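The values are calculated or read from the model by the stated rules, or taken from the named source; none is laboratory data. Nothing here was measured: the structure is a model prediction, and the numbers come from that model. As a convention, Cβ positions derive from the backbone with ideal geometry for all residues, glycine included, and neighbour counts pool all protein chains shown. Accessible surface is based on the protein model in full, side chains and every heavy atom, while ligands, DNA and RNA are left aside. Shrake-Rupley method; radii C 1.70, N 1.55, O 1.52, S 1.80 Å.
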Amino acid sequence: MTNPIVERYIAENPAAKKLFARALDLFPGGITHDVRQQEPFPFYIVRAMGAHKWDTDGHELIDCAMGHGAMILGHGNPAVVEAVCRQMRDGTHHSASHPLEMEWAERVQKLIPSAELVRFVASGTEATMMAIRLARAFKKRDHIALIDAHFHGWSDYASVGWVRPAANQLPGIPQAVRDTMHPVPQDLNAVEAVLKRGDIAGLIVEPTGPSWSKIPMPEGFLQGLRKLTTKYGVLLIFDEVISGFRWSPGGIQGIVGIKPDLTTLAKILAGGLPGGAVVGRRDVMELLRFKDPKWNIEQKVLHNGTFNANPLAAAAGIACLDQLADGRVQKLVDRQTAKLRQGFNQVLGRLKIEGCAWGESSVFHLILGVPVPARGDGDLRDPKLSPEVLSKGSAPLIHQAFHLAMWHEGVHIFHSGGLLSTAHDDNVIAKTLSAFERALVTMQECKLL
Ligand code: PMP
């Protein structure tokens with residue numbers, strides 16, 4: 001596809017174009033994460049600070065991706081940088097237990113209401129894999145329920161819910177794995193129907209609704225899940241990889257007052273470094289401990305991992321969680337993001353463009369070129385569009401042009417939305433809104449909207 005927006009991108013990014021040619025000989029498709037797939041080619045970042053980052057072609061960008069949600073304190077938070085530098089000098093891997101892992105876990109235990117015990121892993125994907133394994137071992141059942149389109153990382157198991165498999169989809173994922181995973185719509189009757197099977201060990205859910213509240217959770221849904229899982233003797237697993245420490249110091253569970261049996265954490269947990277954790281009920285988590293030889297072989301859940309509780313991640317995580325403990329940061333970032341969502345809707349109204357911005361906490365989503373009767377010109381939690389329409393999002397042509405048009409105006413949009421940080425002050429919000437307005441006008445001039 002080409003249009004003036006794409007042509008401008010090619011013309012203004014000669015260094016990125018060259019790097020991409022090099023990358024094609026190194027990485028499949030030239031990229032290292034599926035989400036970095038971008039036509040005509042990706043951009044390359046060399047430095048990030050606060051709410052900004054800079055690319056190889058000399059552009060300054062307002063960052064709305066913020067480490068895929070990990071950087072709630074902005075890039076280069078002084079306390080985190082200081083803690084990591086200090087730890088670098090004391091060693092980045094001790095091949096042994098270390099005191100910092102306890103300081104890290106104590107903070108997690110204090111903040112996350114259901115965290116009776118903690119086991120660190122190296123990523124969100126590993127955290128959800130371990131939660132699923134623990135549920136299976138605890139219940140001595142093989143089957144797991146999950147909700148359509150909820151994202152839990154890229155493991156064989158989690159992929160089955162993210163992309164509900166047709167016979168010819170999900171290459172590389174064995175049928176035997178698919179047969180144990182049961183995706184159902186975000187609907188309590190559908191959940192009950194699958195739990196009634198009697199062989200489900202656990203139900204895993206993104207408690208924000210899929211992709212950080214892109215499809216808002218119906219009121220009472222989480223309470224319904226807690227009731228149903230208790231009734232059918234199934235472990236409830238909250239995947240709080242995004243919402244943990246962001247929605248509140250205690251994640252979503254800290255707001256809705258529901259205790260899941262297990263919770264998965266990553267991203268903010270490790271202060272912008274790689275890290276994750278499974279936390280939860282003592283009796284379930286105790287399956288990871290060593291006891292007598294018979295137990296160790298027959299009951300203990302296996303778990304290794306070279307970078308579990310890595311000292312650098314621990315240092316960053318502690319420095320980060322200390323700044324998030326009293327909830328002031330979350331309230332501040334929530335307020336800034338609400339201003340942005342409201343501002344987006346006002347711009348759309350002014351330019352008479354169909355679509356809307358919505359979201360919760362400190363995240364936003366955008367859909368363009370789709371009528372939204374519920375929009376208004378304020379902040380919006382739920383656009384009241386069908387899950388199918390919300391999942392699909394803007395038409396592909398509009399989606400691509402919007403990302404590039406925003407990029408030309410100096411804003412990196414993430415998945416048609418973003419996750420903000422403390423560095424997104426009023427000045428950054430105002431700049432993002434005027435960038436949005438200019439990007440939409442350009443798209444109108446190109447007859448894309
Ligand atoms: N669960 C959720 C809810 C996520 O958003 C993500 C990552 N975006 C993951 C799990 C996987 O985490 P990671 O990328 O660290 O493996």
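Of note:
- Percent carbon-and-sulfur accessible area, the chain, ignoring ligands, DNA and RNA, probe 1.4 Å: 56
- Each of TRP407, MET285, ALA48 was placed along the dipole of the chain (beta-carbon charges, centred on the mean Cα), and the one lying farthest toward the positive end is MET285.
- Only the Cβ atoms of Lys and Arg (+1) and of Asp and Glu (-1) were treated as charged; on that basis the dipole of region 187-240 about its Cα centre amounts to roughly 200 debye.
- Each 20 Å bin, from zero up to the one with the longest distance, holds this percent of the alpha carbon pairs of the chain: 24, 57, 18, 0.
- Each residue of region 61-71 was assigned a 3J(HN,Hα) from its phi angle through the Karplus curve 6.51 cos²θ - 1.76 cosθ + 1.60 (θ = phi - 60°); the sequence is 10, 7, 8, 9, 8, 6, x, 6, x, 6, 9 Hz, with glycine and proline shown as x.
- Rounded to whole Hz, the Karplus (6.51, -1.76, 1.60) HN-Hα couplings of region 14-24, x for glycine and proline: x, 5, 5, 4, 5, 4, 5, 4, 5, 5, 5
- A 1.4 Å probe over all protein chains sorts MET49, MET88 by accessible area into MET88, MET49, starting with the largest.
- Taken as Cα centroids, region 340-413 and region 54-105 sit 31 Å apart, rounded to the nearest whole angstrom.
- A DSSP coil position with no more than 15 other Cβ atoms inside 10 Å describes the following trypsin sites (Lys or Arg not before Pro) in region 90-153: LYS140.
- Taking every protein chain into account, the accessible area of region 140-230 amounts to 44 square angstrom per residue (probe 1.4 Å).
- For GLY276, residues with placed amide H under 5 Å, excluding near neighbours: VAL121, ALA122, SER123, ALA309
- Ordering ALA115, LEU235, ASN310 by the projection of their Cα atoms onto the charge dipole of the chain, which places +1 on the Cβ of Lys and Arg and -1 on the Cβ of Asp and Glu, puts LEU235 at the extreme positive end.
- Cross-link check: pairs LYS140/LYS231; LYS214/LYS431; LYS392/LYS447; LYS214/LYS331; LYS139/LYS291; LYS384/LYS431 evaluated at a Cα-Cα cut-off of 26 Å; pairs beyond the cut-off: LYS384/LYS431.
- For the options GLY220, GLY271, GLY251, a Gaussian network treatment of the chain with springs between C-alpha atoms closer than 10 Å singles out GLY220 as fluctuating the most.
- Amide proton proximity set for LEU235, modelled H, under 5 Å, gap of 5+: GLY202, LEU203
- In order along region 100-107, the Karplus-derived 3J(HN,Hα) couplings, from 6.51 cos²θ - 1.76 cosθ + 1.60 at θ = phi - 60°, round to 4, 5, 6, 4, 5, 5, 4, 5 Hz, and Gly and Pro are given as x.
- When DSSP beta bridges are restricted to pairs lying wholly in the chain, around 60% turn out antiparallel.
- Dipole moment magnitude, nearest 20 debye, region 1-122 about Cα centre, only Lys, Arg, Asp, Glu C-beta charged: 140
- Surface accessible to a 1.4 Å probe, per residue, for the residues of region 334-449, Å²: 40
- Mean residue ellipticity (222 nm) of the chain, computed from DSSP H runs ≥ 4 via -39,500 (n - 2.57), nearest 500: -12500 deg cm²/dmol
- The charge dipole of region 350-449, taken about its Cα centre with unit charges on the Cβ of Lys, Arg, Asp and Glu (plus for the first two, minus for the last two), comes to roughly 260 debye.
- With protein chains left intact and a 1.4 Å probe, residues in region 1-101 average 56 Å² of accessible area per residue.
- A Gaussian network model of the chain, with springs between Cα atoms under 10 Å, assigns the largest mean-square fluctuation among ALA314, ALA374, ALA70 to ALA374.
- Here LYS17 is the anchor, and the lysines within straight C-alpha reach of less than 24 Å, apart from those fewer than 8 places off in the same chain, are LYS53.
- Over the chain, relative contact order from alpha-carbon pairs under 8 Å, at least 6 apart, %: 20
- Amide H partners (placed H, <5 Å) of GLY50, local residues excluded: HIS75, GLY76
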